[in-house]
Amino acid sequence: MSMISIRLLVGLMACTGIPVSVSCPIKMSPTAVVVKYGDPFSANCTLSSDEPIGLGWESSQGGTGVKRVSNLSLIVDSVTDLGIRPHCYAYYRDGNQCQQLLPVTIYKMPESVSMSQLSPKGTMIEGEKYRMQCDVIDVAPVRYLSVYWYKGNEIVHKETFEGHSESKANKSSFLDLFAHGLDDGSQVWCEAKLDLPMKPDLPAVKSQSHNMVVLYPPTFINPDNETQEVRPNDKITFNCTATGNPAPKYKWLFPHRIQSKDKDLETNQPSLTPSLLLPGTYSCLASNTRGSNIKYFTITELPRDYTTLAAMVGGIASLGVLGLIMGYFVVTPQGTFSFSQGSYQPTSSAPV
Ligand SMILES: *[C@@H]1O[C@H](CO)[C@@H](O)[C@H](O)[C@H]1NC(C)=O
Ligand SMILES: *[C@@H]1O[C@H](CO)[C@@H](O)[C@H](O)[C@H]1NC(C)=O
Ligand SMILES: *[C@@H]1O[C@H](CO)[C@@H](O)[C@H](O)[C@H]1NC(C)=O
């Protein structure tokens, strides 16, 4: 075997936790350890054959000397070496030895997670792009680190990190977001979470929340122009309410000069009920420092007096009926009794 392939083999075995000497008569309990940085852990190494005469733990923390025992504990009060690789050795009478690795995964919860608006700084403006930064300080191992970005309780981005190092690291995640009027008042934050396959329930560490302030032009809650038919003396309320930042100001324009005396016109109202409602097009201008928007309300009159027309139609019909009745009476004295015989000739008909 070449040097390279030996290294590869050893490296592979070390990574997967397979003992370098498969035949080493050792049993470990537990077979692997997942422990939080600074916490204690222990493990037992037990001989599974009578041949070796002793055991020993070799470890940067909690190592033991060689002992003439068949069962030996490794005890670490507070694990602080992120690169710890404890091996249990079995010793034979002839001086030979074999070893087995105890795989230890140490995780370090982030010291802190913080978020900031990187660039550009200052109040956000609708349509512009902003870069946010999330800093995760002193976390390990980074290959299990995920950073989640939240905007208003929704995850908008997730980032994971590469790396084989066990050591503590600082990591930054970036989020590019286009400011939208709807985001005004939303909270943005990031969370760092260690997603260890063997320990899936570790809590996330949250950054502080950033309250988004987005400047945007007035946007009508009901953006469509409105058309409505009215009868004289109807009362109608025009609703021009718009969202926007800064808060929109409203200006109303009424179609007839006579209406300009309406005192409501002077007020900065999002909705208005004209005291004199005449047909025509009314408009409302909502504006703020970011822009303005107009909404139109068109008022038409219903066909003139629908009820009078109905009365007229009714009148004509009843005249007709009266005519029929009169005809009936006119005809009867002449002895021609039945309408169905076609002998009926109306003698009077209503003028149409
Ligand atoms: C190790 O062995 C001791 C004594 O046999 C036992 O009390 C302890 O619980 C064991 N520890 C582990 C991690 O198995
Ligand atoms: C991480 O950042 C902190 C604070 O800025 C610093 O003290 C520490 O040395 C950094 N750690 C690494 C591994 O770079
Ligand atoms: C309302 O009417 C105006 C003028 O006719 C028009 O420019 C605008 O696009 C209309 N708005 C909507 C939302 O239909």
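Here are some notes:
- Carbon and sulfur %, accessible surface of region 144-216 computed with the full protein complex present, 1.4 Å: 51
- Euclidean distance of C-alpha centroids, region 165-212 and region 51-79, integer Å: 41
- Restriction of the trypsin sites (Lys or Arg not before Pro) in region 23-94 to DSSP coil positions whose beta-carbon has at most 15 other beta-carbons within 10 angstrom yields R68, R93.
- For region 54-168, the fraction of C-alpha pairs farther apart than 26 angstrom is 48 percent.
- Seen from a random direction on average, the alpha-carbon convex hull of region 26-65 projects onto 3.3 square nanometres.
- Per-residue SASA entry for T298, accessible area with 1.4 Å probe, Å² rounded to 10: 40
- 3J(HN,Hα) along region 47-52, derived from phi through the Karplus expression 6.51 cos²θ - 1.76 cosθ + 1.60 where θ = phi - 60°, amounts to 6, 10, 8, 7, 4, x Hz, with x in place of Gly and Pro.
- Here the spin labels are modelled as points 7 Å beyond Cα on the Cα-Cβ line, and at S48 and D195 they lie 3.4 nm apart.
- Carbon plus sulfur fraction of accessible area for region 67-134, probe 1.4 Å, in percent: 43
- At R0 = 56 Å, FRET efficiency that the Cβ-Cβ distance of V230 and T123 yields, to 0.05: 0.80
- Each label point was placed 7 Å from the Cα along the Cα-to-Cβ direction; for S172 and I137 their separation is 1.4 nm.
- Out-of-range pairs (alpha-carbon distance over 23 Å; input K151/K199; K129/K251; K158/K206): K151/K199; K129/K251
The values are calculated or read from the model by the stated rules, or taken from the named source; none is laboratory data. Keep in mind that this is a model prediction, so the values were computed, not measured. Cβ: placed from backbone, ideal geometry, glycine included. Neighbour counts: every protein chain shown. Accessible surface areas use protein heavy atoms only, side chains included; no ligands, DNA or RNA. Shrake-Rupley method; radii C 1.70, N 1.55, O 1.52, S 1.80 Å.
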